[in-house]
Each structure stands twice: as C-alpha cells, then as structure tokens.
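Contents: one structure, followed by commentary.
Any read-out appearing in this document is the output of simple, stated calculations on the displayed coordinates, not a laboratory observation. Remember, predicted model here, so these are calculated numbers, not experimental data. Neighbour counts run over all protein chains shown; Cβ positions are idealised from the backbone, glycine included.
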Amino acid sequence: MFVGVLGVQGAVSEHVRTLTKTMYEMGLDGNVEVVRKGDQIGKLDALIIPGGESSTISRLLDTFELREKIISRAQNGMPVMGTCAGSVLLSSQGDEAVERSETKLLELMDTSVIRNAFGRQRESFECLLDIDGIADSFHAVFIRALELALLPGSNAKVIAEFNGKIVGVEQGDILSFSFHPELTDDIRVHRYFLEKLV
Ligand code: GLN
C-alpha cells in the first residue's frame, strides 16, 4: 500500500508522521511517500493534500505536472483527503480571495469555499469537535481556517460543523477538513481515511 502526501509546500511532515503511526497501529503494511513529481501519482493508493498556502500549492501543482494526474486518479476512485489549504483546493468554487490570487481549484468536490472565514480574532484556535461517523470530541486545530459550503444539488455530506460553519465534508472517498488533524496525537481521522483502502 502506497499512501502519498503532496509535498510541494505546507504541513507535509506532520501528515507523514501521523500516517506512519496510523498504519502501525492498524497493523497495515505500507509506505508513506512524499509526492513531488507527476510520475509518483500512478502508483498511489491514496493521497493527502496538506495545509499550507492554497495559492502556492496550486501553482506548484502545475510546475511539477501534478494537477491532471491527481484529478484523473481521484475521478477514478482514488481516496483523497484535503486539510485546510488542501480542502480549499478540493473545492469547485472559491470566494474573492481565491479569485484574486488566481488559484486554480481541483474541482473534485461539490463544495465552495470561503478562505480565512474565522476572521482575525480567531486566526488560530482549538476546539473539541464531533465528526459524524469518525470521532466524538476530536481535538481540532484551526489555523487561518476556511469555511465550506455545499453547492446546490451537491453529492457531498456535511460531517462536521463549528459555530454553524461547515468544517468537514465527505463525498464518496474524498474527505475535506478545514482544520489540521495531523497536529495532534489523535489518529482517528487518518484511521478513517485509511479504512477506505482495506
Ligand atoms: N488560509 C489558507 C489558505 O487558504 C489555509 C491555511 C492553512 O492551511 N492552515 O491557503
């Protein structure tokens, strides 16, 4: 089993560490790969797109010829999880901030996104979150977090909300979270993601 973490920018090593720990605890024999080149995408069984700066990651997806390969694998059923900036990129529609930065989205989920939706006062915060089907009281770390919305006729399902804002969505084998599940020792989100492979 090969699980990739897109490694062009952002919170890469934290996902690698959490995935490695999750595989170990699940007794799975697998490898975690940092993905920086298009030719690595073909062999992956699943991919995580980490947090960071969505406009930068988007540009680097083109520089390293990753964009089309990721889209095609995901459309053909490869599980993908996006966290924070990764969650921005999985969406189909963006707000003004996405447009202003000329960020091209991957358009893999029926969601729209509002970047930095929690405002200056709450640039970073932590809370205990119930995530439907995944975890009760998950210690969630939000950093300049976004808010998600479902597009009309969406096939996506809301699985987590905080203060009336959507912060977790699942659509088939694609998961999107506006917080950072890789920043604590809690592996429940990563375990749920890997269970899609076994
Ligand atoms: N607000 C950032 C963006 O849209 C995401 C922040 C993060 O990944 N922690 O790129």
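Considering the options 88, 112, 78, tell which one lies farthest towards the positive end of the dipole of region 71-119, charges being +1 on Lys and Arg and -1 on Asp and Glu at the Cβ, about the Cα centre.
78
Under 10 Å from the Cβ of residue 104, count the other residues' Cβ atoms, weight Lys and Arg +1, Asp and Glu -1, and hand me the total.
That sum, taken over residues with Cβ under 10 Å, equals -1.
Okay, helix-only estimate at 222 nm for the chain: each DSSP H run of n ≥ 4 adds -39500 (n - 2.57), divide by all residues, round to 500 deg cm²/dmol; what do you get?
-7500 deg cm²/dmol
Please work out the FRET efficiency for the pair residue 102 and residue 34, using the Cβ-Cβ distance as r and a Förster radius of 25 Å; give the result to the nearest 0.05.
Working from the Cβ atoms, E equals 0.45.
Any idea what the dipole of region 53-155 comes to, in debye rounded to 20, about its Cα centre with Lys/Arg Cβ at +1 and Asp/Glu Cβ at -1?
That gives a dipole near 260 debye.
Can you pull the one-decimal nm distance between simple spin-label points at residue 76 and residue 157, each 7 Å off the Cα toward Cβ?
Here the modelled spin labels are 2.6 nm apart.
At a threshold of 8 angstrom on Cα-Cα distance, excluding pairs fewer than six apart, so keeping six or more, what relative contact order does region 57-105 reach in percent?
Reported as a whole number, the value is 40 percent.
How many nm separate the modelled label positions at residue 136 and residue 26, each set 7 Å beyond the Cα in the direction of the Cβ?
It is 2.3 nm.
Net charge around residue 125, counting only other residues with Cβ within less than 14 Å of its Cβ (Lys, Arg = +1; Asp, Glu = -1)?
So the environment of residue 125 carries a net charge of +1.
Going by C-beta contacts inside 10 Å, put 146, 47 in order with the fewest on the left.
47, 146
If R0 is 22 Å, what FRET efficiency do you get for residue 173 and residue 122 from their C-beta distance, rounded to 0.05?
0.10
Output the relative contact order of region 19-177, whole-number percent, from Cα pairs under 8 angstrom with separation of 6+ residues.
19 percent
Return the lysines within reach of residue 43: Cα separation strictly under 18 angstrom, same-chain partners fewer than 8 residues apart disregarded; answer none if there are no such residues.
Answer for residue 43, where 18 Å is the Cα cut-off: 69, 196, listed by chain and number.
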